[in-house]
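Colleague: Before I ask anything, here is the structure I am working with.
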Amino acid sequence: MSAGWLRRRFLPKGPLPAPRPPRPHTSPVPYRRPRFLRGSGSCPGTADAPSLPEARPVRCPARSRTLPWNAGYAEIINAEKSEFNEDQAACGKLCIQRCEFGAEEDQEWLTLCPEEFLTGHYWALFDGHGGPAAAILAANTLHSCLRRQLAAIVEGMVATQPPMHLSGRCICPSDPQFVEEKGIKTEDLVIGALENAFQECDEVIGRELEAAGQVGGCTALVAVSLQGKLYVANAGDSRAILVRRDEVRPLSSEFTPETERQRIQQLAFVYPELLAGEFTRLEFPRRLKGDDLGQKVLFRDHHMNGWSYKCVEKSDLKYPLIHGQGRQARLLGTLAVSRGLGDHQLRVLDTNIQLKPFLLSVPQVTVLDMDQLELQEEDVVVMATDGLWDVLSNEQVAQMVRSFLLGTQEDPHR
């Protein structure tokens with residue numbers, strides 16, 4: 001991959017719109033309207049974009065060639081917003097080749113579907129913060145990272161059981177037994193490919209934004225249909241649900257400072273220098289005041305699910321590592337999510353304390369066996385960012401979907 005082509009291809013030549021600054025410790029959390037990404041499955045309404053034609057041209061990142069949209073690239077959906085909006089979505093067909101890529105730059109990106117070995121489909125939502133750059137890069141690169149990761153392990157995916165050696169060579173006669181005892185299945189290879197793709201994309205975003213002198217991050221919610229299974233990978237506070245006639249099934253979990261409290265506190269316990277003496281890792285029901293000194297108050301640490309009491313010391317009066325409740329919880333008083341892509345340059349306001357060490361780019365992956373579920377036409381997967389889930393529950397969204405489907409049975413575009 002030639003250096004800098006991502007910046008030249010996907011980021012604006014001029015300065016980006018001014019990013020939202022990190023919220024001060026005392027600033028309230030503003031109300032956010034639901035953000036529906038048209039055509040991305042975010043809104044169960046009638047505003048869905050038209051279906052894609054069989055060969056819709058899309059610019060190939062390598063040397064601006066035009067390819068069919070389904071040649072392994074994601075169609076970028078932006079709900080008729082400005083091109084450089086913090087909300088981004090993508091979908092497309094994943095074409096996975098058996099052969100390895102050559103050394104030329106174009107071959108790293110160019111995959112032609114007639115040579116495909118496995119095919120799947122890909123949908124993704126990216127909710128940016130601190131500027132649109134990270135979301136734009138993620139929407140344009142994550143699918144390619146995933147395709148490369150899947151191509152690297154495709155031989156193991158089509159085997160009855162993933163082999164110990166990808167070449168099929170058996171060094172030890174007991175290798176198949178060891179793999180079986182570990183319970184390693186084909187879906188575990190796909191999960192690993194998704195995890196590696198998120199990590200690779202995060203590294204690309206970090207390099208490109210640093211080189212461009214830009215900042216920002218984004219959450220990522222991805223769904224991949226492959227070999228009869230649906231893989232939902234989430235890093236952030238977006239959410240996916242499966243809506244059926246008589247069931248609503250969550251397909252992801254949100255990652256916020258509150259839901260990952262123990263992991264974050266554990267990191268601060270092992271590496272206290274990350275807090276630079278400005279924060280306390282301990283959690284209290286409220287921020288302590290000077291009058292609390294010497295009193296025994298409720299607290300909990302990284303090793304605790306329950307609560308206990310401790311005598312308040314002067315160090316406990318520092319700003320909490322995680323502060324706030326529910327949607328108002330903030331990591332280091334700055335960020336409302338604990339997983340995502342980017343944010344390599346993000347620092348606490350007026351300090352040099354970095355947030356990236358506390359953030360994970362690794363997604364949680366949920367696997368849905370579509371063959372076993374015997375899915376029907378009325379079964380729908382809804383993917384949406386926190387703008388929807390802040391104001392509607394799973395059941396409310398499911399009811400909207402069911403009502404919409406019930407009223408469009410005669411619609412030829414249903």
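Colleague: Test of understanding: what is the full-extension gain from A276 to L317, defined as 0.36 nm times their sequence separation minus their Cα-Cα distance?
Modeller: 13.3 nm is the gain from fully extending A276 to L317.
Colleague: Could you tell me the center-to-center distance, by alpha carbons, between region 239-278 and region 177-211 in angstrom?
Modeller: Their Cα centres are 19 Å away from one another.
Colleague: Which Rg and Dmax, in Å, describe the Cα atoms of region 357-414?
Modeller: Reported Rg and Dmax, both Å: 15.7, 53.
Colleague: Using the basic label-point model (7 angstrom from Cα toward the beta carbon), what is the H165 to A152 distance in nanometres?
Modeller: 2.0
Colleague: For the full complex of protein chains and a 1.4 angstrom probe, list F117, F284, F178, F198 by accessible area with the highest value first.
Modeller: Solvent-accessible surface, decreasing: F178, F117, F284, F198.
Colleague: Give the residue from V179, P132, F198 lying farthest towards the positive end of the charge dipole for region 113-212; charges sit on Cβ (+1 for Lys and Arg, -1 for Asp and Glu) and the dipole is referred to the Cα centre.
Modeller: V179
Colleague: Can you tell me the dipole magnitude for region 224-329 around its Cα centre, using point charges on the Cβ only (Lys, Arg +1; Asp, Glu -1), in Debye to the nearest 20?
Modeller: So the magnitude is around 280 debye.
Colleague: Here is a follow-up. Taking the Cα centre of region 349-414 as origin and charging only Cβ (+1 Lys, Arg; -1 Asp, Glu), how large is the dipole, in debye to the nearest 20?
Modeller: About 360 debye.
Colleague: For E410, E283, E210, what's the largest-to-smallest order of accessible area, 1.4 Å probe?
Modeller: The ranking, largest first, comes out as E410, E210, E283.
Colleague: Also, I was wondering about something else. What nm value, rounded to one decimal, do you get for the distance between M400 and M370 when each label is placed 7 Å out toward the C-beta?
Modeller: Between M400 and M370, the simple spin-label model gives 2.4 nm.
Colleague: Now, a different point. When 1/r is averaged over all different Cα pairs and the result inverted, which Kirkwood radius in Å belongs to region 137-219?
Modeller: Evaluated over region 137-219, this radius sits at 14.6 Å.
Colleague: If you rank S252, S393 by how much accessible surface each has, with a 1.4 Å probe, what is the order from largest down?
Modeller: S393, S252
Colleague: Which value results when the Cα radius of gyration for region 262-336 is divided by 2.2 N^0.38 Å?
Modeller: Taking the Cα Rg and dividing by 2.2 N^0.38 Å, one obtains 1.04.
Colleague: Accessible area of S315, 1.4 Å probe, to the nearest 10 Å²?
Modeller: Accessible area of S315: about 50 Å².
The values are calculated or read from the model by the stated rules, or taken from the named source; none is laboratory data. Predicted, not measured: the structure shown is a model, and the values here were computed from it. Glycine also receives a Cβ, built like all others from the backbone with ideal geometry; neighbour counts cover every protein chain displayed. Just so you know, the surface numbers come from the protein's heavy atoms only, side chains and all, with ligands and any DNA or RNA stripped out. Shrake-Rupley method; radii C 1.70, N 1.55, O 1.52, S 1.80 Å.
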